[in-house]
Structure formats: structure tokens, C-alpha cells
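Novice: Below you will find the structure I want to go over with you.
The values are calculated or read from the model by the stated rules, or taken from the named source; none is laboratory data. A quick note: this is a predicted structure, and the numbers were derived from the prediction, not measured. In this analysis, Cβ positions are derived from the backbone assuming ideal geometry, glycine residues included, and neighbour counts consider all displayed protein chains.
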Amino acid sequence: MTNRVLKALSAAALLLLPIGGCVVATDLLNPGVLTAFGLDPATVIRPAGRTLVTFNNTSGFDASFEVAVSDDPADPTANATFFFSEFLRPNQTQTAAFDCPIGVLTPGTPSADFSTDTVAVSVVTAAGLVTVNYTGAPLVAGVDFLCGDLVEMRLVQTGVDAMGVASFGIQMRVVPGR
């Protein structure tokens, strides 16, 4: 390149700085242009931020929660990150932050065919350790939640049987973050 071309490119870059501010250069690219070149904009311009997952123990017993996040909604085991909460006392919460992009959030342990070891919470009762299965579908990013949202995983006591053994359920709730 000639010195003149380098100066012109440098001047153009300096002109873009006030427009972009703290924005990364790839944020200034138009996703339509990337698509025209055969690139997936989601792989070039990654959504910034975090998704928070709050584990909320509303039961009267100590409980530990398990969740997995993956960046690939088609395969919940791809690049999966697993999180196990500490044992939370009754009415105690704990929050975990996961960097975006997230493709799918699965209470329990996922497998590639979307079947899940659905044990998502372990509860310490007088009768011993009780496991609680998550009966819903994995949460898919862009469908069930967005980057920046808060996903609450709540343990609730649903009853007590004739033998005095407590039963539990898991409720999922998404609180929009933006």
C-alpha cells in the first residue's frame, strides 16, 4: 500500500472513533453485510452480557441445585458448563452468572439427544436425601429467555404424604433483564 492509502485509512479509522465510542469495531458492522459474505452474524458479533440464574429455596429444608448451560441449542452437551449450588438453607438464594452467548439452559444434566438426567435439586429431609426431578423442557435462548435476563429456579414444597414425607417441585421463571 502506498503511504497515501495508509493515511486515508488512518483518517477514516479516526473518524469512526467518535461514532463508535467504546464500541468494538465488529459492533459497527452491519449484520446484513456479514450475511452477504456468507458469514453468520451471531458468530462474528456475539451478544455481550450475562444471564443470571438464581436458585431459590422456598422449602423448609436444605437443598442443592444443579444446572447446565451450553452455547449450542442443538446440542446441550456442547461446551457445557455445569453449576452446582452449595446447600441452601430454607428461604435462602444463590445466584450464578453465565457469560453470553448461551444456547440452552438445562436444570439437571443434559445429553446430546435432549434427554436429561432430570434430577435438578437434592433436598435433605428427616427421611434422608430426596431428589427432585425437573419435568419441563430445557430453556432455549432466544425462545424462552434472552441474554441479560434473570432465570429463577425455585424449589417449592408441594405437600406431605401420609407417612410424613415431603414432596417437592421445581418452578422456572424468567425475569426480563432489559
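Novice: Can you tell which of Thr93, Thr58, Thr109 is touching a Ser or Thr at 6+ places or on another chain (Cβ under 6 Å) and assigned by TED's automatic domain parsing to the domain that holds Val143? Walk me through how you get there before you give the answer.
Specialist: Values: Thr58 fails: touching a Ser or Thr at 6+ places or on another chain (Cβ under 6 Å); Thr109 fails: touching a Ser or Thr at 6+ places or on another chain (Cβ under 6 Å).
Of the residues listed, the single one that is touching a Ser or Thr at 6+ places or on another chain (Cβ under 6 Å) and assigned by TED's automatic domain parsing to the domain that holds Val143 is Thr93.
Novice: For Phe82, all conditions in the list (1) more than 23 Å from Ser59 (Cα to Cα); (2) surrounded by 15 or more Cβ atoms within 10 Å (Cβ to Cβ); (3) under 12 Å from the mean Cα position of the chain (by Cα) hold save one; what is the number of the exception?
Specialist: (2)
Novice: With respect to Val124, is the statement that it is over 10 Å from the mean Cα position of the chain (by Cα), under 11 Å from Phe65 (Cβ atoms) and outside any loop (DSSP other than H, G, I, E, B) true? Can you show your working first?
Specialist: Values: over 10 Å from the mean Cα position of the chain (by Cα): yes; under 11 Å from Phe65 (Cβ atoms): no; outside any loop (DSSP other than H, G, I, E, B): yes.
No; evaluated as a whole, the condition is false for this residue.
Novice: Output yes when any residue across the stretch 167-174 is in a loop (DSSP other than H, G, I, E, B), in the same structural domain as Ile102 (by TED's automatic domain parsing) and surrounded by fewer than 15 Cβ atoms within 10 Å (Cβ to Cβ), and no when none is. Walk me through it before giving the result.
Specialist: As a first pass, look at the stretch 167-174 and keep what is in a loop (DSSP other than H, G, I, E, B): none.
Scanning the stretch 167-174, I find no residue that is in a loop (DSSP other than H, G, I, E, B), in the same structural domain as Ile102 (by TED's automatic domain parsing) and surrounded by fewer than 15 Cβ atoms within 10 Å (Cβ to Cβ), so the answer is no.
Novice: Sort through Leu129, Leu155 and tell me the only one that's free of Cβ contacts under 8 Å to residues at least 60 places away in the same chain and part of a strand (DSSP E or B).
Specialist: Details: Leu155 fails: free of Cβ contacts under 8 Å to residues at least 60 places away in the same chain.
Answer to the selection: Leu129.
Novice: Kindly provide the set of residues from the stretch 132-148 that are of a type in the set (Gly, Ala, Ser) and either assigned to a strand (DSSP E or B) or touching an Asp or Glu at 6+ places or on another chain (Cβ under 9 Å) (or both), ordered by number.
Specialist: Ala137, Ala141
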